[in-house]
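All remarks here apply to the structure that follows.
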Amino acid sequence: MPRVSPATWFIYSLIMTALAFTIRSEIALILPAIPNFILGLILSLRKKYYLFPIAFLLAVWALFLNAVLFVNYGEPVVVVGPLVIRSNALWATLIVTVRIMTITGAAMIFVSMINPRELIISLERQLGLPKGLAFALSLALRLIPLMTYDYHEILFIRRQRGYRTKLIIPTDVIGVLLPLVAVGIDRAYWIGIAAELRGFQLRKRRFNPKYTLWDLLVIAAAIAQTIVSLAIVFLH
Amino acid sequence: MPARRYTAIDFAILAVVAVVVGLIFFFIEIPYEVTKAAAGKMVARIVFYGLWFIGGPLAGSLIRKPGAAFLGEFLGALVEGILPTIYASSVLVYGAAQGIMSEIAYAILGYRKWGIGAGVLAGALPALVVPFLDYLLWGATITDVMLWVYMLGAMISGAIYGAIAALIGNTLRR
């Protein structure tokens, strides 16, 4: 696979999301939705992200339930015992599914094509992310395994003390969040002091954008999909 | 006037908040969808939705500087977006909008009050933008009245979790 900068995939994903939010014609959205979703599904299954299709199906099922509850009018299409599913409920589910397919497709492509650490470096170099935010994000990625370990330790201690380990009511959330954030903050103080002592404030911003032909092609693909969708909107 | 300049310690605390809220955002996605599919959107909203607003009040009450509430919510959304989630960059849109609303809550209070009341406001205000964004995405499957009812559910949930976040933030600052 040719090398495309993670920042480019980030921009691509943002453009597709913007399309899903702004284009009001569902017919115009089908064009980016289907290819992005199929490509995203193939790429994410290759990376073994099985949660994507499950979460997508759950979201569509929830949409359908919502549509049956609130916008179930028009001609009857399916009759299951006392439940009558009408044309508008199905149509509404379909058009919102197209929107989700556009977002999910771009999301699956994005997470399958990037490495989080490379993404942060790329956001700083290609898009000029401020050094403080780049530092916070890099540190956040390094903290994930440490805090996951802390989280399991807290759950283990709660289990030993006879407390619930499932976070059901707000006091459960406090009981887990408070020690987790306390340990994290303690760590953050020392990391922050160490970074200041090493001249964090003097560190220069690394904004040096360089785009390859492949980056430009990905951006061009996003722009082309936008133009075609807008053209369909205006022709309709 | 409170100090405005961010130090490496502030950014490190932001990193901790981003991880905590990013992981919360990430892990409640499936329970939220399951609850929504099984018990309806309103129940899911009240039980879970406020957790998506927790970044603003948590970062705001811990760092206590202008911009902290926005960054806490937005970086949390960015961490969630980097982890594999089906809504990827749409969570950035929601995160940015909700972060701005949390920031407005602290700005209204002149960046001088960081207690539980401020946390409630910073947790509840993000619910105001949710119906507009929801309308753009899910508009076809929901009536306008229900959008406002859901907003109320999100606001109640946000106020509860905002209070929790502020309580945690204030406890840890002592």
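The values are calculated or read from the model by the stated rules, or taken from the named source; none is laboratory data. These figures come from a predicted structure and were not determined experimentally. Quick reminder, even Gly has a Cβ in these numbers, built from the backbone with ideal geometry, and neighbours come from all protein chains shown. The area values use the complete protein model at the heavy-atom level, side chains included, leaving out ligands, DNA and RNA. Shrake-Rupley method; radii C 1.70, N 1.55, O 1.52, S 1.80 Å.
Shown here is the pair-distance distribution of chain B: with all Cα-Cα distances grouped in 10 Å bins from zero up to the longest one, the shares run 12, 41, 34, 11, 2 percent.
Taking the Cα atoms of the protein assembly as shown, the ratio Rg/Rh between the radius of gyration and the Kirkwood radius comes to 0.98. Split the accessible area of the stretch A:2-58 by element, probe 1.4 Å, and carbon with sulfur accounts for 77%.
The mean accessible area for residues of the stretch B:8-169, using a 1.4 Å probe and ignoring ligands and nucleic acids, is 28 Å² per residue. Take the convex hull of the alpha carbons in the stretch A:61-204; its mean projected area over all directions comes to 14.7 nm².
Loop-located GluC sites (Glu not before Pro) across the stretch B:70-162 with a Cβ neighbour count of 10 or fewer within 10 Å are lacking, with loop assigned by DSSP.
Cα centroids of the stretch B:126-168 and the stretch A:62-136: 17 Å apart. This model, with +1 at the C-beta of Lys and Arg and -1 at the C-beta of Asp and Glu, gives chain B a dipole about its Cα centre of some 700 debye.
Pairs A:Lys131/A:Lys210; A:Lys166/B:Lys36; B:Lys36/B:Lys65; A:Lys47/A:Lys131: which are spaced more than 27 Å apart, C-alpha to C-alpha? Too far apart for the 27 Å limit: B:Lys36/B:Lys65; A:Lys47/A:Lys131. Structural descriptor for the stretch B:8-169: relative contact order 29 percent, calculated from alpha carbon pairs under 8 angstrom and at least 6 residues apart. Rounded to the nearest whole Hz, the Karplus-based 3J(HN,Hα) values (6.51 cos²θ - 1.76 cosθ + 1.60, θ = phi - 60°) of the stretch B:119-124 follow the sequence x, 4, 5, 5, x, 8, with x at glycine and proline. Long hydrophobic helices in chain A: the complete DSSP H runs spanning 20 Å or more by Cα along their own axis with mean Kyte-Doolittle hydropathy of at least 0.0 are A:6-22, A:26-46, A:51-70, A:87-113, A:131-160, A:170-197, A:213-235. The mean count of C-beta atoms from other chains within 10 Å of the C-beta of residues in B:155-168, rounded to a whole number, is 2. Restricting the trypsin sites (Lys or Arg not before Pro) of the stretch B:1-56 to loop positions (DSSP other than H, G, I, E, B) with no more than 12 neighbouring Cβ atoms within 10 Å leaves B:Arg4, B:Arg5. When you count the other C-beta atoms within 10 angstrom of each residue and take the mean per peptide, A:187-197, A:29-39, B:160-170 line up highest first as B:160-170, A:29-39, A:187-197. Averaged over its residues, chain A has an accessible area of 54 Å² per residue, based on protein heavy atoms and a 1.4 Å probe. Ligands, DNA and RNA left out, the 1.4 Å accessible surface of the stretch B:8-169 is 80% carbon and sulfur atoms.
Would you calculate a helix-derived [θ] at 222 nm for the protein assembly as shown, using -39,500 (n - 2.57) for each DSSP H run of n ≥ 4 and dividing by the full residue count, to the nearest 500? So the helix-based figure for the protein assembly as shown works out to -26000 deg cm²/dmol. Buried surface between chains A and B: roughly 5400 Å² of accessible area, summed over both sides, computed with a 1.4 Å probe on protein heavy atoms only. Counting heavy atoms of the protein chains alone, A:Glu118 has an accessible area of about 70 Å² for a 1.4 Å probe. Normalised radius of gyration (Cα atoms, divided by 2.2 N^0.38 Å) for the stretch A:129-179: 1.49.
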